[in-house]
Amino acid sequence: MIGKTMHRDRQDAPAATGPGPGADVPANSGQGDKMDAFLSSPPPFVGPRFDRLLQQLSESSHALEGTDAWPGKQFDELADAGVLQWSIPEEYGGLTLSPEQLMYGYERMATSCLTTTFVLTQRIGACQRIASSENDEVRQELLPALATGDLFATVGISHLTTSRQHLKQPAVRAEHADGKWILSGTVPWVTGGNRADVIVTGGTCEDGNQLLIALPTDLPGVTCQAPPKLLALNASQTGSVELDRVEVDERNLLAGPVEGVMNRGQGGGAGSVTTSALAVGLTGRAVEELQKEASRRDDLVETVDSLERERDQLRTDLYAVARGDAVGMFAGEIRQRANSLVLRATQAYLAASKGAGFVAGHPAERSVREAMFFLVWSCPQPVLQAALREFACSLDE
């Protein structure tokens with residue numbers, strides 16, 4: 001058995017059973033109606049059950065500020081709403097979604113609770129990498145349990161794309177011996193590593209080729225370090241994982257060894273539209289709060305209208321890129337615009353909230369801190385450089 005049984009806060013949690021593609025579900029309501037207009041086809045999960053989930057996530061989001069917090073209750077709610085089935089093939093008990101439908105789900109959920117949604121993206125990223133693997137044994141063993149929530153998987157792959165690329169030696173070294181892959185080094189950023197049964201991670205061989213592997217966390221030599229205190233999203237329990245000559249059976253191999261293993265298969269990654277969808281979702285939360293303020297203060301109307309127009313255009317372009325029919329537009333450009341907008345929208349929310357918004361625990365204060373996350377989460381160098389240019393821009397220019 002790969003991995004170990006996931007401990008859930010609710011011991012008698014039933015298996016989630018979500019509607020399949022084409023299921024007859026009620027139309028969404030509220031903001032969802034407006035957002036649906038940007039999609040080529042409505043997601044199969046929209047309806048009262050998903051709306052209730054969004055409300056539940058919003059009401060409990062404030063409880064995820066502590067460094068010892070974890071969205072266990074929230075993930076029980078995701079399971080009940082069928083969300084844990086997303087992007088797992090139907091033959092394993094999952095729910096197939098198009099890229100734009102998945103981005104829609106991410107965006108709506110990020111408006112309610114960024115922390116829970118971020119953890120979910122890492123889990124779904126792991127599921128996608130497993131599902132796209134040619135290793136049928138791993139798919140059969142892991143995907144059904146992931147669809148029900150009986151296993152929790154996450155990814156630790158930033159060292160293969162953006163993190164620690166300046167080092168002369170790879171962050172994780174991989175060597176093959178006696179039917180096993182031996183991994184040594186540090187996986188720098190793993191979300192929920194201390195809660196995971198399986199980490200989809202990788203290493204670099206002596207010849208420079210890379211591999212991806214499903215790493216059971218109960219193997220000897222796997223040590224999840226205590227997560228550092230972050231500016232925001234502490235409840236994601238994101239920290240490093242040390243690998244001390246960990247021997248992983250070669251049957252756990254998902255891809256490789258090949259050059260640039262992260263360019264193969266599914267799972268998002270640096271520069272994907274997943275990060276932008278979450279940034280647009282957080283922007284939506286800030287704009288909603290500003291709209292409430294603007295209903296009482298005429299001086300805010302112009303600002304809110306401008307931010308809302310920019311968000312709507314960005315959302316249109318985001319979904320166009322996700323479904324692959326955007327002409328002359330790429331995920332990197334969407335990410336640059338999303339980063340800029342989420343930073344400005346959340347700071348506008350803080351400014352409009354005045355002194356009250358500067359008090360720790362106020363939603364505006366939390367939104368500003370959360371927006372900073374997009375400057376460092378899977379941020380490719382061109383996106384970082386664009387942000388630095390914007391920060392350095394003089395008003396006299």
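The values are calculated or read from the model by the stated rules, or taken from the named source; none is laboratory data. It should be emphasised that the depicted structure is a prediction, and the values quoted were computed from it without experimental measurement. Cβ placement follows ideal geometry from the backbone for every residue including glycine, while neighbour counts extend to all protein chains displayed. Calculation scope for accessible area: heavy atoms of the full protein, side chains included, ligands and nucleic acids excluded. Shrake-Rupley method; radii C 1.70, N 1.55, O 1.52, S 1.80 Å.
Details
- Of all residues in segment 275-302, none that is modelled with pLDDT under 95 has its Cβ atom under 7 Å from the Cβ atom of a residue that is open to solvent by 60 Å² or more (accessible area, probe 1.4 Å), 6 or more apart or on another chain.
- Out of Phe45, Phe75, sole residue that is assigned to a helix (DSSP H, G or I), surrounded by 18 or more Cβ atoms within 10 Å (Cβ to Cβ) and modelled with pLDDT of 95 or more: Phe75
- In segment 224-232, the condition of being in contact (Cβ under 8 Å) with a residue 24 or more places away in the chain, out of contact with any strand residue (DSSP E or B) (no Cβ under 8 Å at 6 or more places or on another chain), farther than 29 Å from Cys113 by Cβ and surrounded by fewer than 21 Cβ atoms within 10 Å (Cβ to Cβ) is met by no residue.
- Yes/no for Thr161 being closer than 30 Å to Ser367 by Cα, surrounded by fewer than 22 Cβ atoms within 10 Å (Cβ to Cβ) and of a type outside the set (D, E, K, R): yes
- Ile88 being at negative phi, aliphatic (A, V, I, L, M), open to solvent by less than 30 Å² (accessible area, probe 1.4 Å) and at pLDDT below 95: no
- Entry remark, segment 312-336: residues being charged (D, E, K, R), closer than 18 Å to Tyr104 by Cβ and open to solvent by 10 Å² or more (accessible area, probe 1.4 Å) number 4 in total.
- Any hit, segment 36-54, residues being closer than 30 Å to Gln225 by Cα and either among the charged types (D, E, K, R) or touching a residue at least 24 places away in the same chain (Cβ under 8 Å) (or both): no
- Residues of segment 104-155 that turn out to be open to solvent by 10 Å² or more (accessible area, probe 1.4 Å), assigned to a helix (DSSP H, G or I) and over 20 Å from Cys224 (Cβ atoms), as a count: 13
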